[in-house]
1. Are any residues in the range 28-77 of a type in the set (S, T, N, Q) and either more than 16 Å from Leu11 (Cα to Cα) or modelled with pLDDT under 95 (or both), and if so, which ones?
Amino acid sequence: MPIKITKAEYLGNFKIRLSFNDDSVKNIDFNEFLVNAKNPMTQKYLDEKLFSSYTVKYGDLIWNDYEMCFPIWDLYNNTI
């Protein structure tokens, strides 16, 4: 069975709790990734209001119609 995100809960401070279809739950901290990003399209998500506007679509965590997204396996392993 392919791994998919079933639920995402914003915890604040650029952290999101992800629930997966294998019943595992991971707390992912995106702060370091965003602070070190070189791409202005990614850096704009340092705006916490914009960052917290993600959605879960087809089992993926996405922002603004795939403007920013991460490989599911990286999220599952917390290796972003």
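The values are calculated or read from the model by the stated rules, or taken from the named source; none is laboratory data. Remember, it's a predicted structure, so these values are computed and weren't measured experimentally. Cβ coordinates were reconstructed from backbone atoms using ideal geometry, including for glycine residues, and neighbour counts include every protein chain displayed.
1. Filtering the range 28-77 for residues of a type in the set (S, T, N, Q) gives 31, 36, 39, 42-43, 52-53, 55, 64, 77.
Within the range 28-77, Asn36, Asn39, Thr42, Gln43, Asn64, Asn77 qualify.
For every residue, the table says whether it meets (1) part of a loop (DSSP other than H, G, I, E, B); (2) surrounded by 14 or more Cβ atoms within 10 Å (Cβ to Cβ).
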site: Met1; (1), (2): yes, no
site: Ile16; (1), (2): no, yes
site: Ser19; (1), (2): no, yes
site: Phe33; (1), (2): no, yes
site: Met41; (1), (2): no, no
site: Tyr45; (1), (2): no, yes
site: Ser53; (1), (2): yes, no
site: Val56; (1), (2): no, yes
site: Asp65; (1), (2): yes, no
